[in-house]
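Read through the structure below, which is laid out as structure tokens, and then see the notes.
The values are calculated or read from the model by the stated rules, or taken from the named source; none is laboratory data. On a predicted model such as this, the values are computed, not experimentally measured, just so you know. A quick note on method: Cβ atoms are made from the backbone with ideal geometry, for glycine too, and the neighbour counts reach across all protein chains shown.
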Amino acid sequence: MSKYLNSMKQFLKILFACLSAILLFFLIILFAFAGLVAGVSKDSEKTNIDKNSLLVIDMNKPIAEQTQKNPFGTFTKSPTSVVGLNDILNSIKAAQTDDKIKGIYIKLGANPNGWATLQEIKNAIVDFKANSKKFVFAYGEICDQKSYYVASAGDKIFLNPVGGFEFNGLSITGTFFKGTLDKLGITTEAFHCGKYKGAYEPYKLDKFSEPNRYQLSVMLNDFYSEFLQTVSKKTGLDTNQLIKISNEGTIKFPSDALKNHFVDATIYGDSVESILKSQIGIKSKDKIKLVTPEDYVNSIDTKFNNDKIAVLYADGAIYDGDGDDGVYSKRMISDIRKISEDDNVKALVLRVNSPGGSAMASEVIYHELMKLKSRIPIIVSMGNYAASGGYYLSCAGDSIFADNNTITGSIGVVGVMMNYGNALKDKVGVTTDVVKTSTYADFPSVTRPFTDAERNWIQSYLDTTYTLFKSRVAVARNMTMEQVEDLAQGHVYSGTLALQLKLIDAIGNKEDAITCAAKKVNLKNYQIEEYPKRKDKLKEMIEEFSGQNKEDAIVKKVLGDDYLIFKEIQKLKAQKNQIMAVMPFQIEVR
């Protein structure tokens, strides 16, 4: 009996311990969830800005078109937010007349952003200085060319005396997979319209084709020219002197940057802090109050007006269907229809930052935009990219604005198909066989080569799509089909050259496009309404918590640096059996 009682006591102890652990676990989850809800609620509250504050712009962080917030960032060790260009530009503009903001502080570093994005920030800083007479200082332990490009618009640039400074010209690097595919026994068939349409080159060649190399060189020199003109204004050196300094590798150390007038002083962070305090007019023992663009924008009073100008962002590659990471036809069409149904929206600014993608998706979005255009004017503002499918969408605009550093054009189509048959047979011993009722029942197949008839079928489909694309351009730009063909063939252009070729109407930023839209409909007072709408923070948090967005986070954690390769493969899967209106490849000018 005593043995039974002892066993029962032991069992009850274990049971009590398990129940206590389960209860504790749920209490922790409950408090964590309550904390997150409180955090979301706090995030939605208006931010109070202290007097003698500085607006801080961090050049080390990626900048999206719209600010993106991750309510679980603190717990997953991922960024809690990605600042949007919209918030940066709005905050710089608002800070001009805000007595609480004494100036702008730019954190220099390794800048991961596109040149058109940076040009818009640089121009906003120029306006800030001209309209407010406030100071703009920059400091960093390292300073790459992109960070310097923005900081050159400011008053003073400080660099750590043992830091790093980059001034060595611009380049574009392509990655080619032909050798890898050959080793694996995977053969690639490419179909394209236009000699410059090089989206297939990474899979068929081991280096740039000559037409592609030529067009990239022309575009790169346009970017470089604009960059040198900006640096020349800051340093007082003419462009020939700057080219000589770059070619000879004159600047190796911060002292070289100082000697050649690129920076104003080489000092440590504590000295910069003292200079900032003196400039603000606070005591040395006081703490500098830095406010980020996303927090500062949250403090600005929203102007409510019956009349609206909608801003619709087409940001990312273009896909069929529905999704979040890119420009998906279903979601875009839904947003366009919401804009059309709102009688208070008097004009649309279409902000395009896309290298292209699915030709079908581009056409159906274009079709929906043209229906909207019959009711209200559409003004296009191009970001870092508005190429191929991105330019296709832009053809719906009454006027097109682009930055000098926008990559645009690439009017053409391409299709890439891969044959894994030999790879499966030779590497893992897998073979396939087929029984079919008709000649083309198994077309397209990834386990056998195409027949000549099938190749002709694919090429004729591309030719038809290409002709349709060119017809959209011809109507939009008031050109003949022959004139469009001369500019098309997949050729990419800088914004500067696109203006000369009349593929755009003006060099200007999103603010210029909004001003143009307002003038077209005679609006002096209006409210800006952005699409796609930002997700409700609590809903987004619940999605994260319930696992709807966990898969991507887990893959990113496991793969680390290889995550980007995984994403490219995912994109290829999403685009299989599709005709693509896409840039030659992901062009990054650095």
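Identify all residues within the range 427-479 that are of a type in the set (A, V, I, L, M) and within 29 Å of GLY356 (Cα to Cα); write none if there are none.
VAL446, ALA453, ILE458, LEU462, LEU468, VAL473, ALA474, VAL475, ALA476, MET479, listed by residue number.
Within the range 415-432, is there a residue that is assigned to a strand (DSSP E or B), touching a strand residue (DSSP E or B) at 6+ places or on another chain (Cβ under 8 Å) and either closer than 30 Å to GLU511 by Cβ or polar (S, T, N, Q) (or both)?
Yes, the range 415-432 contains at least one residue that is assigned to a strand (DSSP E or B), touching a strand residue (DSSP E or B) at 6+ places or on another chain (Cβ under 8 Å) and either closer than 30 Å to GLU511 by Cβ or polar (S, T, N, Q) (or both).
Just checking, how many residues over the range 113-134 are without any contact (Cβ under 8 Å) to a residue 12 or more places away in the chain and assigned to a loop (DSSP other than H, G, I, E, B)?
1
Please determine whether any residue of the range 144-159 is aliphatic (A, V, I, L, M), over 25 Å from GLY84 (Cβ atoms) and at pLDDT below 95.
Looking through the range 144-159, none of the residues is aliphatic (A, V, I, L, M), over 25 Å from GLY84 (Cβ atoms) and at pLDDT below 95.
Sort through ILE339, ILE280, ILE288, ILE333 and tell me the only one that's assigned by TED's automatic domain parsing to the domain that holds CYS395, of a type outside the set (Asp, Glu) and farther than 16 Å from GLU529 by Cα.
The conditions single out ILE333.
Quick one: GLU65 ticks every box in (1) of a type outside the set (Lys, Arg); (2) crowded, with 21+ Cβ neighbours inside 10 Å; (3) modelled with pLDDT of 95 or more except a single one, so which number is it?
(3)
Would you mind stating whether THR439 is touching a Gly at 6+ places or on another chain (Cβ under 9 Å), farther than 30 Å from ILE504 by Cα and part of a loop (DSSP other than H, G, I, E, B)?
No; evaluated as a whole, the condition is false for this residue.
Taking the residues in the range 499-512 that are within 25 Å of GLN483 (Cβ to Cβ) and part of a helix (DSSP H, G or I) as candidates, determine which candidate is nearest to the chain's Cα centre (by Cα).
Selected residue: LEU499.
In the range 442-455, which residues are in a helix (DSSP H, G or I) and among the charged types (D, E, K, R)?
Those that are in a helix (DSSP H, G or I) and among the charged types (D, E, K, R): ASP452, GLU454, ARG455.
Do you know which of the residues in the range 442-464 that are at pLDDT below 95 and among the β-branched types (Val, Ile, Thr) is nearest to VAL413 (Cα to Cα)?
Filtering the range 442-464 for residues that are at pLDDT below 95 and among the β-branched types (Val, Ile, Thr), the one nearest to VAL413 (Cα to Cα) comes out as ILE458.
Check SER147 against each of (1) over 27 Å from the mean Cα position of the chain (by Cα); (2) not in a strand (DSSP E or B) and name the one condition it does not meet.
The single condition SER147 does not satisfy is (1).
Can you find, within the range 166-194, the residue that is nearest to ASN419 (Cα to Cα) among those that are of a type outside the set (A, V, I, L, M) and part of a helix (DSSP H, G or I)?
My answer is ASP182.
When both residues are 6+ apart or on different chains and their Cβ atoms are under 8 Å apart, which pairs have a first residue that lies in the range 333-350 and is more than 20 Å from ASP320 (Cβ to Cβ) and without any contact (Cβ under 8 Å) to a residue 60 or more places away in the chain, and a second that is of a type in the set (A, V, I, L, M) and assigned to a helix (DSSP H, G or I)?
As it stands, the answer is SER340/LEU372, since those pairs meet every condition given.
Being free of Cβ contacts under 8 Å to residues at least 40 places away in the same chain and either under 16 Å from ASP155 (Cα atoms) or surrounded by 12 or more Cβ atoms within 10 Å (Cβ to Cβ) (or both) is the filter here, so list the residues in the range 275-288 that pass it.
LYS277, SER278
Go over the candidates ASN509, ASN525 one by one and state the one that is modelled with pLDDT of 90 or more, crowded, with 16+ Cβ neighbours inside 10 Å and not aliphatic (A, V, I, L, M).
When all the criteria are applied, what remains is ASN509.
From THR432, THR406, which residue is assigned by TED's automatic domain parsing to the domain that holds ILE514 and farther than 25 Å from ILE186 by Cβ?
Answer to the check: THR406.
Is it fair to say VAL364 is assigned to a helix (DSSP H, G or I), on the phi < 0 side of the Ramachandran plot, among the β-branched types (Val, Ile, Thr) and modelled with pLDDT of 95 or more?
yes
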